[in-house]
Amino acid sequence: MQTMVRAIVRPEKCDDVLAALMDAGFPAVTKFNVAGRGKQRGIKIGEIQYDEIPKVMLICVVDDKDKEFVVKTVMESARTGTKGAFGDGKIFVSPVEEMYTISSGVKES
């Protein structure tokens, strides 16, 4: 069985996360820029309220047996400081029911 790991991280931590995944043997990652807010409802600087904070979403699909290791790798490389901080991001884990390779049309297991 396969698992999808989606991580929303700070843009300045993206390269660290990608390098950590590569070094750990997980080079296949989809990356795209996103914007949103978490529990803190954005950020207020002076009188200006920023409702949407820029982030990067990284998606990888891994074997179930590797799920915890990949989550730990992302968490450690995306965290700011030793204890982390608000706005460091989120990781979402979900099962992958089916997966196909477009070029061959083959269903992967």
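Values as computed for the structure displayed
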read-out	value
Cβ-Cβ FRET estimate between Tyr50 and Ala19, R0 fixed at 35 Å, reported to 0.05	0.80
Cβ crowding within 10 Å averaged over residues, with 79-85, 14-20, 98-104 ranked highest first	14-20, 79-85, 98-104
Alpha-carbon radius of gyration plus Dmax, which is the widest Cα pair, for the chain in Å	15.8, 55
Solution diffusion estimate, µm²/s, Stokes-Einstein, region 35-77, Kirkwood Rh from C-alpha pairs, 37 °C, viscosity 0.692 mPa s	254
Value of relative contact order over region 1-74, rounded to a whole percent, pairs C-alpha under 8 Å and six or more apart	49
Acute angle (nearest 10 degrees) that the helix 14-23 long axis makes with the longest principal axis of the chain, alpha-carbon atoms	30
Nitroxide proxy distance, nm - points 7 Å out along Cα→Cβ at Asp63 and Asn33	3.7
Mean-position separation - Cα centroids, region 3-25 and region 60-109, in angstrom	9
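No value in this document is a laboratory result; all are computed from the given coordinates. Given the structure is predicted, the values throughout are model-derived calculations rather than measurements. Note that each Cβ is placed from the backbone with ideal geometry, even for glycine, and that neighbours are counted across all protein chains shown.
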